[in-house]
Amino acid sequence: MPHHDVLVIGAGLAGQRAALSAAEQGANVGIISKVHPVRSHSNAAQGGINAALDPEDSWESHAFDTVKGSDYLGDQDAIEIMCREAPDELLELEHLGVTFHRDETGHLGKRAFGGASAARTYYVADITGQAILHVLYEQLMKHDVVHRYEEWFTTALVQDEEGKVSGAVTRNIRDGSMELFAAKSVILATGGNGQVFNPTTNALVCTGDAIAMAYRIGAPLMDMEMIQYHPTTLAGLGLLITEGARGEGAHLYNADGERFMEKYAPNKMELASRDVVSRAEQTEINEGRGFPDGTVALDITVVPRKRIHEALREILNVGRDFAGVDITKEPIHIKPGNHYAMGGVKSDTDGLTSIPGLYAVGECACVSVHGGNRLGANSLLDTLIFGRRAGAHAGKRSKGSPMPQPSRASLDDEEARIRAIFDRERSGRRVSEIKAELGATMDEKCSVYRDEEGLREALEVVTRLRQEAKVATVDDRGTIFNQDLLGALELQFMIDNAETILVSAIERKESRGAQYRTDFPDRNDDDWLKHITVQPNGDGEAPEIEYSEVTMTQWEPEERTY
Amino acid sequence: MAEAQDFTLKIRRFDPESGEQAHWQDFGVELDPDRSVLDGILQVKDREDASLAIRCSCRAAICGSCGVRINGKSALACNTRLSDAKQTASNGAITVEPMGNMPVIKDLIVDMDAVHWKKIQRVVPWLLPEGEPPEREYIVPAEAMIDVTQSMACIQCGVCVSACLSLEVDPEFIGPAALAKAYRFVGDPRDDHTEERLRDLAEDPHGIYDCTHCFACIEVCPKDVAPMSQIMRLRRRATADFGIKDSNNGYGHEKGFVDIIEKWGTLHEAQLLPRSFGQGSAIRGQVEPDAVKQLLRDMPTALRGLRAGKITPKKALMHPKLPGQKNVRRIFEEVEGKKERLELNLYIVGDDGDQAEGAQAEGSGES
């Protein structure tokens, strides 16, 4: 049985950062990922990473912008930690080799980003996430003390009799073998759940695996209703156009040629926070001022050509390859699209969840630093700061404690579960059909504008899909690279995600951050300045809902305008 | 969006568990012609056969998972349009097969660890700065960071590895992706092992001089990393900046080649061998003991050529100048007359909007 002091599940930025930091503590670390680590979706973070590094700037200002951006739902103690530690983290990345953009004096250069009162976004062209991900992977290749399990799929978490996490059950994708891992600590870092929606900017791997696995063993999920729709995604495909484009000066226009953000955010214009810009766009589209394809226009031609080449080259390629548009010459049609889950497994500022031995970091976690709405360029920061903290905490904690002996029964259970999938009659719906219906339903009923009726309809659909997923047809019975089986397992993870999102969205009877309820259009601090958490309540039962207080340190809720 | 059209995907299948040989299987898909070959493959998986295996994730040419060969050409499936693929298809069917130069695991999935990642590991792919890091950031020229961004843009998809002709002949060749990765450190002013890295890559018989300059990697790279350009820059830095004359005669071969073209306009083959062995000089190639030894070793090949009539003494000794050779020389003068060495980098363009797309040359700041 492979055993590690610290077992990290997921190898994007949060997972790799956690693994490296646990290894620095001298811990024996394993890192598992269902894809090769550099395929992780952290790659897609284009615009940059926020840090108040400039002496003219302050971490307090960064923290306030984040609190305001969160619509006061973010926990201010966690936000303070993130913003205070950001400059050192950024410098450490720079020292490790990230090729951050420089200004003409050779110092780190920065760009403006949405919802920020100062330019504090550091970047590598528009491939910032990719650049950091690849540099961290360089460090993993350098320090082979971290044992890498690349292309291994985790199916379930294992607890001992006292409820403490003692390991995980996995499937080696390359040969189909099932393996039980023992670990003193398990750090979840599998990223978001964007695939629950269609379209989405998220990669096909973003199926909310860890969120569902933690939920299944009773870890509370928090702020699940807070799903960010990014203001600039390509219609149909859902591909992302970085906020960096607006940071560099690009404008938004409706079909009448009106720079409509004047009406919604007269001060910050296109650089208001994402929920505000997405709602503005959706309002324009809904009220008939969009283009026939249900979009508005992003005009990047105002950015100098030289600057586009050095700073927005990826977008140049995306425009050319996926929309047939030369962004240096003409506007590109965009719309709000599913992008990011602010919610996730409830965790503290060291990444610890409510379950002993279990940590969660990055997008699958909810610390909560993003609250109702995440600011652009704060997600990379979140993954790195809390990845590092959780890794260090778990690494230290492992010293002197005995290696648990997880029961083989959990392995037997998972093997039986997979055998049952292979034994299904081939009479059910296809996994792809169920997934498509799930994605379309969530995008229709649980996006920028929501109401109780629509959310309840969606929940009914999801409840039916849950039953259909249990008997969905699987074509492939093989062992080597059986992606069909993994798809069937992921589908069940996604349904847990969808249900908890909908239940939370129905519960929050107000509009805050990314949750805009047309039936409750105002923010209501008296009743709803609190987190919603959900826990499983037995098979077939609706999740159990609880509340937890928002931690306030120095910023009282104010009206939010940009 | 255009109307959906019918396409035929002819996909190379291989199931290691079946005991059967690899074979082709046709699938019909119905999609907007602007959608990608990956979308087509996903439709096959969704509607018809979910056992068809391909790595894929982002659908946007960012994650680097879905490298395949489409109608024989290495590419990412996600950024190849069905309409474009149909144009190069023979008999109307778009062929999709696994990448080359790497062992196939199942269907369109290859073993990248066995080849690609092994080679990446070979180039010491992490920054090696001198001493303790500064309190703040390293102060480095802005252009240097933009310059290495072109190789940072590599997504490790392996498409260039698949297309590399040198790798086909010499599987030990470090290869385009890993050498582009090497440039990312060589070009990074924070790295303190520039010369060591260059010497290592020049002296390795499967290193920078193993590239045959065929442009295949540049043509197929989905991210405009231009691996071959990075290899050529490694060579220029090795020779011009550090005077590294490798024991494999890579330097001599390149210098001899370039000098011959400057002088005659076309390749004078009889001169190439002695010049290659003589660090670019035909004279040294004929008098230095080591070079002479190597020349003698190649004598039987030359004699066989003579016997077969592939070489004639006249052709070997009297190489005619290319008509209009002056124009060739003018190119040399133009390029060599610049104060700074010319480097091409897509991330660096001038202010002049009339210049051709991304192709403007800039001083690299290395000279």
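None of the figures in this text is laboratory data; all of them are computed from the coordinates on show. Remember, predicted model here, so these are calculated numbers, not experimental data. FYI the Cβ positions are ideal-geometry reconstructions off the backbone, even for glycines, and counts take in every protein chain you see.
Starting from the alpha-carbon convex hull of the stretch B:250-336, give the projected area averaged over all orientations, in nm². Don't skip to the answer; put the middle values down first.
Working: hull surface 24.4 nm².
Result: a mean projected hull area of 6.1 nm².
What ranking of A:TYR359, A:TYR122 emerges when the number of other C-beta atoms within 10 Å of each C-beta is taken as an exposure proxy, fewest first? It would help to have the intermediate numbers written out before the result.
On the way: A:TYR359 33, A:TYR122 29.
The most exposed by this proxy come first: A:TYR122, A:TYR359.
Hey, got the dipole for the protein assembly as shown? About the Cα centre, +1 on K and R Cβ, -1 on D and E Cβ, debye to the nearest 20?
Values: 105 positive and 147 negative charges, 812 e Å.
My answer is approximately 3900 debye.
Please give the charge dipole size of chain B, origin at the Cα centre, charges +1 on K and R Cβ atoms and -1 on D and E Cβ atoms. Round to the nearest 20 debye. Please list the in-between numbers first.
Working: 46 positive and 58 negative charges, 389 e Å.
Roughly 1860 debye, rounded to the nearest 20.
For chain B, count the residues as N, evaluate 2.2 N^0.38 Å, and divide the Cα radius of gyration by that value, please.
Details: Rg = 24.0 Å, N = 367, 2.2 N^0.38 = 20.7 Å.
Relative to the 2.2 N^0.38 Å estimate, chain B comes out at 1.16.
Can you list the HN-Hα couplings for the stretch A:437-450, worked out from phi with the Karplus curve (6.51, -1.76, 1.60; θ = phi - 60°), rounded to whole Hz and with x for Gly and Pro?
Karplus values, whole Hz, x for Gly and Pro: 5, 4, x, 5, 5, 5, 5, 6, 9, 9, 10, 5, 10, 9.
Which semi-axes, in whole Å and largest first, does the equivalent ellipsoid of the stretch B:5-110 have when worked out from the alpha carbon gyration tensor as the square roots of 5 times its eigenvalues?
Values: eigenvalues 76, 47, 36 Å².
Largest first, the stretch B:5-110 gives 19, 15, 13 Å.
Considering only C-alpha atoms, what is the centroid distance from the stretch A:134-151 to the stretch A:464-523, in Å?
After rounding, the separation between the Cα centres reads 32 Å.
Report ³J(HN,Hα) in whole Hz for each residue of the stretch B:257-269, in order, from the Karplus equation J = 6.51 cos²θ - 1.76 cosθ + 1.60 where θ = phi - 60°; Gly and Pro get x.
4, 5, 4, 4, 5, 4, 7, 9, x, 10, 6, 9, 5
Mind listing the long-range amide H neighbours of A:GLY428? Cut-off is under 5 Å, sequence gap 5 or more, other chains count too, H placed in the peptide plane at 1.01 Å from N.
The list, which skips near neighbours in sequence, is A:THR473.
Rounded to whole Å, give me the distance from the Cα center of the stretch A:230-260 to that of the stretch B:71-100.
31 Å
For B:THR95, which sequence-distant residues (separation of 5 or more, or a different chain) have an amide H within less than 5 Å of its own amide H, given hydrogens modelled in the peptide plane?
For B:THR95, whose amide H was placed from the backbone, the distant partners under 5 Å are B:LYS10, B:ASN71, B:SER90.
If you take the charge dipole of the stretch B:5-110 about its Cα centre, with +1 on Lys and Arg Cβ and -1 on Asp and Glu Cβ, which of B:PRO33, B:GLY100, B:PRO16 is farthest toward its positive end?
Towards the positive end, the residue furthest out is B:GLY100.
What Kirkwood Rh does chain A have if only Cα atoms enter the pairwise 1/r average? Answer in Å. Write out the running numbers ahead of the final one.
Working: mean 1/r = 0.0426 Å⁻¹.
Mean inverse Cα-Cα distance, inverted, gives 23.5 Å.
Tell me, what HN-Hα J-couplings in whole Hz come from the Karplus equation 6.51 cos²θ - 1.76 cosθ + 1.60 at θ = phi - 60° for each residue of the stretch B:183-197, using x for Gly and Pro?
Using θ = phi - 60°, the values come out as 4, 4, 8, 4, x, 8, x, 7, 7, 9, 10, 4, 5, 4, 4 Hz.
B:SER36's amide H: which non-local residues (gap 5+, or another chain) put their own amide H closer than 5 Å, with H modeled 1.01 Å from N in plane and none for Pro or chain starts?
Hits under the 5 Å cutoff: B:LEU82.
Please work out the Kirkwood hydrodynamic radius for the stretch A:279-361, using every pair of different C-alpha atoms, and report it in angstroms with one decimal place. Kindly include the intermediate steps, with their values, before the conclusion.
Values: mean 1/r = 0.0624 Å⁻¹.
Every distinct Cα pair counted, the radius reaches 16.0 Å.
Please report, in debye to the nearest 20, how large the charge dipole of the stretch B:248-303 is about its Cα centre when each Lys and Arg carries +1 at its beta carbon and each Asp and Glu carries -1 there. Intermediate values should be presented prior to the final figure.
Details: 6 positive and 7 negative charges, 19 e Å.
Dipole magnitude for the stretch B:248-303 comes out near 100 debye.
For peptide A:88-99, what's the mean number of Cβ atoms from other chains within 10 Å of each residue's Cβ? Walk me through the intermediate numbers first.
Numbers: counts 0, 0, 1, 6, 1, 1, 7, 9, 5, 13, 3, 14.
Mean partner shielding for this stretch: 5.
Below 8 Å between Cα atoms, with a sequence gap of 6+, how large is the relative contact order for chain B in percent?
Numbers: 626 pairs, mean separation 41.2, N = 367.
Relative contact order comes out at 11 percent.
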